[in-house]
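A.B. asks: Dropping a structure here in structure tokens format, bear with me for questions.
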Amino acid sequence: MVQAYFKIHSVEKLNDTTYSFVIACPALAKESWCGRFVNIQCGEKTLRRPISISEIDSENGTITIVFEVRGEGTAWLAKQKAGDELNILGPLGNGFFPEKDKPAIFIGGGIGCPPMLGAAQDYGKNAEAILGFRSKEQLILLDKFEQCCQSVSVTTNDGSFGTKGFVTDILKEKLQEKPDCIVYACGPMPMLKGVAAMCAEHDVQCYVSLEQRMGCGIGACLVCACKTHEKDGEHMRHVCKNGPVFDAREVDFNG
Amino acid sequence: MADLRVNIAGVEFKNPVITASGTFGFGQEYARIYDISRLGGISCKGTTLHERPGNPSPRIAETPSGILNSVGLQNPGVDAFIRDDLPFLKKQNTVIIANIAGSQIEDYVETVRRLQDADVDMIELNISCPNVKEGGVSFGTSAKSVENITKQVKAVAKQPLMIKLTPNVTDITETAAAAEAGGADAVSLINTLTGMKIDINTRRPILKNNTGGMSGAAVFPVALRMVWQVANRVKIPVVGMGGITKWQDAVEMLLAGATAVQIGTANFTDAYTPLKVIAGINDYLDEHGEKSVLDIVGKVQVW
Ligand SMILES: Cc1cc2nc3c(=O)[nH]c(=O)nc-3n(C[C@H](O)[C@H](O)[C@H](O)COP(=O)(O)OP(=O)(O)OC[C@H]3O[C@@H](n4cnc5c(N)ncnc54)[C@H](O)[C@@H]3O)c2cc1C
Ligand SMILES: Cc1cc2nc3c(=O)[nH]c(=O)nc-3n(C[C@H](O)[C@H](O)[C@H](O)COP(=O)(O)O)c2cc1C
Ligand code: FES
């Protein structure tokens with residue numbers, strides 16, 4: 001874990017509101033793996049903004065982050081250019097550990113797609129991905145997923161691209177085809193809740209990457225709580241330290 | 001190199017910079033970023049008699065130059081603190097302050113009693129908590145209740161006792177004087193100011209608890225004023241905090257009369273803040289020809 005200034009190597013605009021930064025950060029890249037995240041200082045903001053590590057290039061010592069402009073912090077971030085330095089704390093969190101001996105399905109909803117890309121790349125050729133977006137305009141990273149996955153299905157809520165509907169509509173068919181698979185998912189809470197419920201119904205193992213508002217990002221301030229039901233009872237876990245990836249069966253999606 | 005050592009109620013600190021309760025856990029996390037033995041001290045996460053799960057999330061919101069938090073004192077309980085967290089802290093070669101909270105006087109007394117033989121250097125009593133027996137009014141808001149809780153806890157405390165004052169009062173010098181009268185060895189201030197933030201699109205407060213404690217740069221001028229007032233009222237040492245983000249703020253606190261400072265929210269913005277503040281205080285003293293940090297404590301020349 002380091003906190004330091006790292007240079008933005010290159011910037012790419014993926015759609016109207018989404019940006020991809022490649023960051024040169026050898027010290028950070030070497031401790032990174034898929035599903036972990038970094039906490040980035042955004043101008044004068046008191047709190048850093050947590051952003052997932054999307055891709056890792058350990059040879060060149062870079063990581064890629066993909067973020068959507070949501071408010072003032074991410075708007076500041078979007079104004080940064082190649083060559084500028086970012087104050088980054090990371091890598092943080094537990095991340096994904098794709099089990100490579102079982103068929104895997106990677107599900108991303110909107111800006112939940114970037115963290116799944118690294119996981120799918122890590123898993124390798126037999127990965128299957130289901131990506132969901134509101135409409136065609138929000139589509140991101142499709143080419144990258146197609147490069148590393150055996151198959152990629154896309155759903156849009158309005159039917160402007162791929163299948164009209166939700167990721168769970170596709171997941172339902174896949175789970176019938178591959179009852180022995182493992183599901184990894186990241187996206188908005190209602191989607192994760194739906195995916196988790198469907199996996200539970202089919203008795204399929206499912207890991208979800210959660211979001212919560214953060215302070216320290218390292219487990220010291222206890223603000224990013226998430227309620228879990230584990231074998232030994234109920235716990236208040238912390239998304240930054242015990243997560244962001246949780247066993248979906250343990251997550252209390254209402255707490 | 002100026003002499004940065006300060007002594008508070010018989011406890012020697014290698015420098016006057018302490019990390020504030022609730023922002024620094026029990027030290028383990030920040031120890032992965034830098035050598036925490038360089039700190040003057042660590043005030044641990046608020047600990048209660050029994051484990052507490054805390055409030056539902058979201059527990060944090062950003063506000064202009066600050067934050068609101070509603071953690072709700074999530075902690076493993078005093079016995080787990082002694083068993084699981086103290087052994088690590090003890091090895092860190094810095095002053096360890098146990099921060100204690102409760103919802104009735106008996107809980108505070110029992111928690112501090114269990115710490116009698118524990119290896120903590122000092123006890124900081126968080127009296128901003130609601131008193132369940134008094135209808136949820138904070139222990140820290142009336143002089144009478146502050147003196148009472150201080151007296152009862154002091155009777156069982158083996159380590160020096162510091163009372164942490166809440167700023168949510170009409171006159172903080174009254175509660176500070178009450179703590180002194182009750183036998184406190186020091187006071188620390190300020191705890192958070194109660195605040196609120198609403199999402200105008202959902203028309204819901206950001207915090208699930210609706211309200212939370214405000215901290216960070218925005219509270220600094222209020223905290224400084226209160227530290228100055230309290231330092232002029234009581235004879236016991238004052239530890240100042242609230243919104244310190246840089247060494248200049250810490251120097252202001254010392255000039256206002258604080259013998260040491262605590263740093264909380266600024267750790268989230270920049271983990272190295274406490275170390276930068278220590279270095280900055282040292283350089284300031286050298287530049288101004290001061291041999292010891294004590295030479296500037298309370299040295300503001302008021303009009
Ligand atoms: C572990 C983790 C990984 C993430 N990965 C990505 C990613 O790869 N790409 C991406 O675009 N976004 C990601 N997010 C969400 C991202 O952190 C928020 O969109 C961002 O913090 C919003 O900041 P803002 O200042 O633009 O918005 P504002 O709404 O103005 O932010 C106000 C405050 O709320 C916090 N906040 C607001 N929304 C969220 C949220 N959804 N999650 C956590 N905190 C929030 C902010 O950090 C800030 O403290 C991730 C969140 C977490 C917790
Ligand atoms: C997330 C968070 C948790 C806190 N928890 C405690 C606590 O358990 N006990 C306590 O006495 N103060 C607690 N505080 C208050 C701080 O110790 C400090 O008094 C306050 O934040 C003002 O200082 P700052 O502006 O430097 O943060 C907490 C503050 C924050 C931000
Ligand atoms: S953000 Fe501080 S514990 Fe998770």
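A.B. asks: Report yes if A:Arg49 is within 16 Å of ligand 3 (Cβ to nearest atom), of a type in the set (D, E, K, R) and either on the phi < 0 side of the Ramachandran plot or assigned by TED's automatic domain parsing to the domain that holds A:Leu14 (or both), otherwise no.
C.D. replies: Numbers: within 16 Å of ligand 3 (Cβ to nearest atom): yes; of a type in the set (D, E, K, R): yes; either on the phi < 0 side of the Ramachandran plot or assigned by TED's automatic domain parsing to the domain that holds A:Leu14 (or both): yes.
Against the criterion (within 16 Å of ligand 3 (Cβ to nearest atom), of a type in the set (D, E, K, R) and either on the phi < 0 side of the Ramachandran plot or assigned by TED's automatic domain parsing to the domain that holds A:Leu14 (or both)), A:Arg49 qualifies.
A.B. asks: Further question: May I ask you to list the residues in region B:62-81 that are within 7 Å of another protein chain (Cβ to nearest Cβ) and open to solvent by less than 30 Å² (accessible area, probe 1.4 Å)?
C.D. replies: To start, the set of residues in region B:62-81 that are within 7 Å of another protein chain (Cβ to nearest Cβ) comprises B:62, B:65-67, B:69, B:71, B:74.
Across region B:62-81, the qualifying residues are B:Gly66, B:Ile67, B:Val71, B:Gln74.
A.B. asks: Yes or no: A:Pro244 without any contact (Cβ under 8 Å) to a residue 12 or more places away in the chain, within 16 Å of ligand 1 (Cβ to nearest atom) and either in the same structural domain as A:Gly108 (by TED's automatic domain parsing) or surrounded by 21 or more Cβ atoms within 10 Å (Cβ to Cβ) (or both)?
C.D. replies: Details: without any contact (Cβ under 8 Å) to a residue 12 or more places away in the chain: no; within 16 Å of ligand 1 (Cβ to nearest atom): yes; either in the same structural domain as A:Gly108 (by TED's automatic domain parsing) or surrounded by 21 or more Cβ atoms within 10 Å (Cβ to Cβ) (or both): yes.
In short, no.
A.B. asks: Can you tell me which residues in region B:46-60 are more than 7 Å from chain A (Cβ to nearest Cβ) and either crowded, with 20+ Cβ neighbours inside 10 Å or polar (S, T, N, Q) (or both)?
C.D. replies: If the condition is that a residue be more than 7 Å from chain A (Cβ to nearest Cβ) and either crowded, with 20+ Cβ neighbours inside 10 Å or polar (S, T, N, Q) (or both), then B:Gly46, B:Thr47, B:Thr48, B:Leu49, B:Asn55 are the ones that fit.
A.B. asks: Only residues that are of a type in the set (Gly, Ala, Ser), assigned to a loop (DSSP other than H, G, I, E, B) and more than 16 Å from ligand 2 (Cβ to nearest atom): list them for region A:199-255, please. Even if it seems obvious, please write down each step before you answer.
C.D. replies: First, pick out the residues of region A:199-255 that are of a type in the set (Gly, Ala, Ser): A:200, A:209, A:215, A:217, A:219-220, A:225, A:233, A:243, A:248, A:255.
Those still in the list that are assigned to a loop (DSSP other than H, G, I, E, B) too: A:215, A:217, A:219-220, A:243, A:248, A:255.
Passing the criteria: A:Gly243, A:Ala248, A:Gly255.
A.B. asks: List the strands (runs of 3 or more DSSP E) that sit entirely inside region B:195-303 and contain at least 2 residues that are within 21 Å of B:Ile8 (Cβ to Cβ).
C.D. replies: Because the criterion is at least 2 residues that are within 21 Å of B:Ile8 (Cβ to Cβ), the strands (runs of 3 or more DSSP E) in region B:195-303 that meet it are B:238-241, B:260-263.
A.B. asks: Out of the residues in region A:141-176 meeting the condition of being within 20 Å of A:Leu192 (Cβ to Cβ) and of a type in the set (Phe, Trp, Tyr), tell me which one is least open to solvent (accessible area, probe 1.4 Å).
C.D. replies: In this case the residue turns out to be A:Phe145.
A.B. asks: Select from region B:54-80 the residues that are more than 16 Å from ligand 1 (Cβ to nearest atom) and not small (Gly, Ala, Ser) and list them in ascending order.
C.D. replies: Passing the criteria: B:Asn55, B:Leu73, B:Gln74, B:Asn75, B:Pro76, B:Val78, B:Asp79.
A.B. asks: Would you pick out the residues in region A:219-234 that are within 16 Å of ligand 3 (Cβ to nearest atom) and closer than 18 Å to A:Lys193 by Cβ?
C.D. replies: Answer for region A:219-234, where residues must be within 16 Å of ligand 3 (Cβ to nearest atom) and closer than 18 Å to A:Lys193 by Cβ: A:Ala225, A:Cys226, A:Lys227, A:Thr228.
A.B. asks: State whether the residues of region A:206-215 include one that is over 27 Å from A:Leu14 (Cα atoms), touching a residue at least 24 places away in the same chain (Cβ under 8 Å) and within 14 Å of chain B (Cβ to nearest Cβ).
C.D. replies: The answer is yes; a qualifying residue exists.
A.B. asks: Report yes if B:Asn15 is within 19 Å of the chain's Cα centre (by Cα), open to solvent by less than 20 Å² (accessible area, probe 1.4 Å) and within 14 Å of chain A (Cβ to nearest Cβ), otherwise no.
C.D. replies: For B:Asn15, the condition - within 19 Å of the chain's Cα centre (by Cα), open to solvent by less than 20 Å² (accessible area, probe 1.4 Å) and within 14 Å of chain A (Cβ to nearest Cβ) - is not met.
A.B. asks: A follow-up question, please. Of the conditions (1) more than 14 Å from chain A (Cβ to nearest Cβ); (2) closer than 27 Å to B:Asp121 by Cβ; (3) within 16 Å of ligand 1 (Cβ to nearest atom), B:Ile198 clears all except one; give me its number.
C.D. replies: With (1) more than 14 Å from chain A (Cβ to nearest Cβ); (2) closer than 27 Å to B:Asp121 by Cβ; (3) within 16 Å of ligand 1 (Cβ to nearest atom) applied to B:Ile198, the lone miss is (2).
A.B. asks: Does A:Met191 satisfy being over 30 Å from B:Asn209 (Cβ atoms) and assigned to a helix (DSSP H, G or I)?
C.D. replies: Spelling it out, it is not the case that A:Met191 is over 30 Å from B:Asn209 (Cβ atoms) and assigned to a helix (DSSP H, G or I).
A.B. asks: To continue, here is another question. How many of the residues making up region A:50-72 are surrounded by fewer than 21 Cβ atoms within 10 Å (Cβ to Cβ) and within 14 Å of chain B (Cβ to nearest Cβ)?
C.D. replies: Count: 3.
The values are calculated or read from the model by the stated rules, or taken from the named source; none is laboratory data. Quantities reported herein were computed from a predicted structural model and do not represent experimental measurements. Ideal geometry is used to build each Cβ from the backbone, glycine not excepted, and the neighbour counts take in all protein chains shown. All accessible areas refer to the heavy atoms of the entire protein, side chains included, with ligands and DNA or RNA removed. Shrake-Rupley method; radii C 1.70, N 1.55, O 1.52, S 1.80 Å.
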